[in-house]
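> Structure incoming, see below.
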Amino acid sequence: MARFRYTMQNILNIKEKMETQAKQQFGEAKRLLDIEEDALAELYRRREEIERHAVEVLQGDLDMHEIEDSQMSRIICDQKIADQQIKVSRAEAALERARAELEEAVKERKTHEKLKEKQFDEFIREENRAESKSIDELTTYTYGQKVTEDG
């Protein structure tokens with residue numbers, strides 16, 4: 001029996017490597033998004049602390065410096081939150097691009113695997129046809145030998 005050899009195996013190998021790279025890029029994009037979201041959550045926690053402190057300042061003796069510092073801290077924190085929200089949005093967009101690339105790589109790999117499967121099925125059919133033909137020829141030859149011996 002002949003050995004099956006997929007004619008585009010090198011392309012399938014490349015597609016598998018591309019899928020692996022896309023998985024790694026997706027994982028890295030997800031990791032970066034998690035980092036940016038954690039930083040945003042930390043800024044929100046910090047903002048809550050600043051607001052609690054501002055309430056405490058207003059409830060105690062009125063110290064204008066402390067009130068101004070509290071307001072400035074809140075403004076700065078709000079700006080940092082706005083900047084961090086932009087970073088999170090960019091990280092989400094990068095994650096979506098990585099997801100799309102991964103989906104495309106998976107689709108291409110599966111397409112080549114289907115082609116390989118079809119080529120293998122055709123190979124098996126050809127092998128079966130060749131085997132049937134050999135058996136038929138052998139049967140015809142054997143039957144022909146018996147006829148000439150008997151005849």
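> Determine if segment 61-74 includes at least one residue that is β-branched (Val, Ile, Thr) and exposed (fewer than 13 other Cβ atoms within 10 Å of the Cβ).
No, segment 61-74 has no match at all.
> Can you pull out every residue in segment 7-51 that is of a type in the set (Ser, Thr, Tyr) and closer than 22 Å to Arg97 by Cα? Write out each step before concluding.
Here is the first cut: in segment 7-51, the residues of a type in the set (Ser, Thr, Tyr) are 7, 20, 44.
Passing the criteria: only Thr20.
> Same structure, new question: Does Arg129 satisfy being free of Cβ contacts under 8 Å to residues at least 12 places away in the same chain and in a helix (DSSP H, G or I)?
Taking the combined requirement at face value, the residue satisfies it.
> Out of Glu104, Glu113, Glu48, I need the residue that is of a type in the set (D, E, K, R), loosely packed, with under 14 Cβ neighbours inside 10 Å and under 30 Å from Ile11 (Cα atoms). Which one? First the steps, then the outcome.
On the way: Glu113 fails: loosely packed, with under 14 Cβ neighbours inside 10 Å; Glu48 fails: under 30 Å from Ile11 (Cα atoms).
The match here is Glu104.
> Of the residues Ala91, Ala98, which is touching a Leu at 6+ places or on another chain (Cβ under 6 Å), surrounded by 13 or more Cβ atoms within 10 Å (Cβ to Cβ), of a type outside the set (Ser, Thr, Tyr) and under 16 Å from Ala29 (Cα atoms)? Reasoning before the result, please.
Details: Ala98 fails: touching a Leu at 6+ places or on another chain (Cβ under 6 Å).
Exactly one residue qualifies, and that residue is Ala91.
> Identify all residues within segment 30-71 that are hydrophobic (A, V, I, L, M, F, W, C), at pLDDT below 95 and part of a helix (DSSP H, G or I); write none if there are none.
Listed by number, the residues that qualify are Ile50, Ala54, Val55, Val57, Leu58, Met64, Ile67.
> Would you confirm whether or not segment 124-135 contains a residue that is touching an Asp or Glu at 6+ places or on another chain (Cβ under 6 Å) and farther than 23 Å from Ala39 by Cα?
Within segment 124-135 (the criterion being touching an Asp or Glu at 6+ places or on another chain (Cβ under 6 Å) and farther than 23 Å from Ala39 by Cα), the answer is no, since none of the residues qualifies.
> Now a separate question. Answer with yes or no whether Ala29 is over 30 Å from Lys133 (Cα atoms), touching an Asp or Glu at 6+ places or on another chain (Cβ under 7 Å) and surrounded by 15 or more Cβ atoms within 10 Å (Cβ to Cβ).
No.
> Further question: Hey, among the residues in segment 6-26 that are of a type in the set (S, T, N, Q) and more than 13 Å from Glu108 (Cβ to Cβ), which one's surrounded by the most Cβ atoms within 10 Å (Cβ to Cβ)?
Gln25
> What's the number of the only condition in (1) surrounded by 15 or more Cβ atoms within 10 Å (Cβ to Cβ); (2) aliphatic (A, V, I, L, M); (3) within 22 Å of Leu32 (Cα to Cα) that Ile86 fails to meet?
It is condition (1) that Ile86 fails.
The values are calculated or read from the model by the stated rules, or taken from the named source; none is laboratory data. Please read all numbers here as calculations on a predicted model, not as lab measurements. FYI the Cβ positions are ideal-geometry reconstructions off the backbone, even for glycines, and counts take in every protein chain you see.
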